1. Among the numbered conditions (1) crowded, with 16+ Cβ neighbours inside 10 Å; (2) within 26 Å of residue A:205 (Cβ to Cβ), tell me where residue A:63 comes up short.
2. Given the options B:197, B:189, name the one that is in a loop (DSSP other than H, G, I, E, B), of a type in the set (D, E, K, R) and out of contact with any Gly (no Cβ under 9 Å at 6 or more places or on another chain).
3. How many residues, within the range A:171-197, are in a helix (DSSP H, G or I) and either in contact with a helix residue (DSSP H, G or I) (Cβ under 7 Å, 6 or more places away or on another chain) or at pLDDT 90 or above (or both)?
4. Here are the criteria: (1) touching a residue at least 12 places away in the same chain (Cβ under 8 Å); (2) facing chain B (nearest Cβ under 10 Å); (3) among the polar types (S, T, N, Q). Tell me which single one residue A:196 does not satisfy.
5. Which condition does residue A:154 not pass, out of (1) touching a strand residue (DSSP E or B) at 6+ places or on another chain (Cβ under 6 Å); (2) part of a helix (DSSP H, G or I), if it passes all the others?
6. So which residues in the range B:123-143 are touching a helix residue (DSSP H, G or I) at 6+ places or on another chain (Cβ under 7 Å) and of a type in the set (Ser, Thr, Tyr), if there are any at all?
7. Read through the list (1) in contact with a helix residue (DSSP H, G or I) (Cβ under 7 Å, 6 or more places away or on another chain); (2) more than 8 Å from every other protein chain (Cβ to nearest Cβ); (3) on the phi < 0 side of the Ramachandran plot; (4) at pLDDT 90 or above, then give the number of the only condition that residue B:52 fails.
8. Can you find, within the range B:158-171, the residue that is nearest to the chain's Cα centre (by Cα) among those that are within 11 Å of chain A (Cβ to nearest Cβ) and not in a loop (DSSP other than H, G, I, E, B)?
Amino acid sequence: MIQSGEKPKVKKHIIEEWTGKIVTSLCIVLLVVTIFSMVYFVATKGLSSFFKDGINLGEVLGGSKWKPEGEPPMFGALPFIIGSFSTSILAALIAAPLGICAALLMVEILPKFGRKYLQPAIELLAGIPSVVYGFVGLSVIVPLYRDLFPGQGLGIAAGASVLSIMILPTITSIATDALAALPAGLKEGSYALGATRWQTLYRTVLPTTMPSLLTGVVLGMARAFGEALAVQMVIGNAPHIPNSLFESTSTLTSVITLSMGNTVMGSMQNNVLWTLALILMMMTFVFVFIVRWLERRAQR
Amino acid sequence: MQNVALSTKDLNVFYGEKQAVKNISLDFASREVTALIGPSGCGKSTFLRSLNRMNDLISGAKITGDIWIGDQNINDQKTDVVLLRQKIGMVWQRPNPFHKSIYENIAFGPRYHGIRDKKKLDQIVEDSLTKAALWDETKDRLNRSALSLSGGQQQRLCIARSIAVSPSIILMDEPASALDPISSAKVEELIADLKREYSIIIVTHNMQQAARVSQKTAFFLMGEVVEYDDTSKIFTNPSEKRTDDYISGRFG
């Protein structure tokens, strides 16, 4: 009966608990609503070219002629799909060995030097804006390829080269974390069996961390797939399937950024661009699922 | 003493400025189990790790003195540590199987050393697992992941793995202390079996275990060896008062 006469007060810590719950729930709701409305918006826009404008899905995915202003207009997006895949896969093929080797050097071979100088340098690489990458690519890589190979230097090779440098930090930093998180004792176990450092790295460290290393590569590919500006600057933007890696072509992203301003909202030309955006988004989902799958394998 | 498998002469180990092991000269008999006991931080694990040059992997570690196997001083910079570690196997406190199948864990070491013949590898895997008393439990699932085994089985797998490169000496750093009592007893039985073919040096915190499995015991304190003698003598009638205090539980 100590509190007689006083109103029963809600205790402070309970209010705190509730405030926390409400604030975090609101953030989650906002996030989920944003994501779903984005997906919904892109999907309705992207699908309307099939349902409203009567374009054939097979034509978009399989056609190689892109003439939105032509008579009749043609919307074959195959050159862009090929362009996107070939630049990002090629970029990953270039960047993956470099990034993983750099991570090996930083974690296993020169840990002190690596942590002090290399890691900040690579993080710096991640902070450079993509327009700068594109500009450098256009002024350095494109002329170089023009001198070395037949063609104008613009194309998949130039795009992949620029992208590989852009995704190098992603691959390297994820590989660094994976190697650093290697269960203690595995390396010692290998050394104690009389393995050399090379054998230990090659036969024990790399296979054990492979799922995590691949996660980095896939994330890098996803970034390359979605990158627009830098690619657009060096790829040439011709809407056809190139005969060589040094011939002008386009990607899904570059054609969207280039054409977006020239179309009227709601028109057939505009809707088809949304279809391309939808394809891009679906591909990103695929990448995310691959990463999820790899992570589950890594936990075994 | 009968045949000596390995001996140290004035062995010192420094981690930077700190001296972890001081002037240790010990002879280890071949085909016997020698236990190294002592309180935490007394340098016994450090000493053990020096014997197959695992301390080389720690930056800042410096080892002086001699470690003799036959007429070879293995603490010489010219020693090929890869060959050395084939001769001296090692097992740790926490089982550390590779993230591979049971078969691949055993075949790993022999493959390092150039054995490619499948039949030969099969034979090595069977022999090693049999010696480690694990064959009956695993022969039907050699292709399953080693991580699917229990902790005790994993530890015996690690012992089998070190046997597979046919060492003559096996170093064990508290091999049973992370295991439950039953698995621990199995590992102890295994050690008793293995000493017929291998010389074993084992670090242990468990004094009953030292008394059960070893023939010789060295008592370490503050980086020095206080007493080294037959296990039966150390545990019943030690010459040094400090040894007596430790084994009767007055400190440590």
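The values are calculated or read from the model by the stated rules, or taken from the named source; none is laboratory data. All values reported here derive from a predicted model rather than from experimental measurement. A quick note on method: Cβ atoms are made from the backbone with ideal geometry, for glycine too, and the neighbour counts reach across all protein chains shown.
1. (2)
2. That would be B:197, the only listed residue that is in a loop (DSSP other than H, G, I, E, B), of a type in the set (D, E, K, R) and out of contact with any Gly (no Cβ under 9 Å at 6 or more places or on another chain).
3. Here the count works out to 17.
4. Going through (1) touching a residue at least 12 places away in the same chain (Cβ under 8 Å); (2) facing chain B (nearest Cβ under 10 Å); (3) among the polar types (S, T, N, Q) one by one, residue A:196 breaks only (1).
5. With (1) touching a strand residue (DSSP E or B) at 6+ places or on another chain (Cβ under 6 Å); (2) part of a helix (DSSP H, G or I) applied to residue A:154, the lone miss is (2).
6. B:128, B:138
7. Only one criterion in (1) in contact with a helix residue (DSSP H, G or I) (Cβ under 7 Å, 6 or more places away or on another chain); (2) more than 8 Å from every other protein chain (Cβ to nearest Cβ); (3) on the phi < 0 side of the Ramachandran plot; (4) at pLDDT 90 or above is unmet by residue B:52, namely (2).
8. B:171
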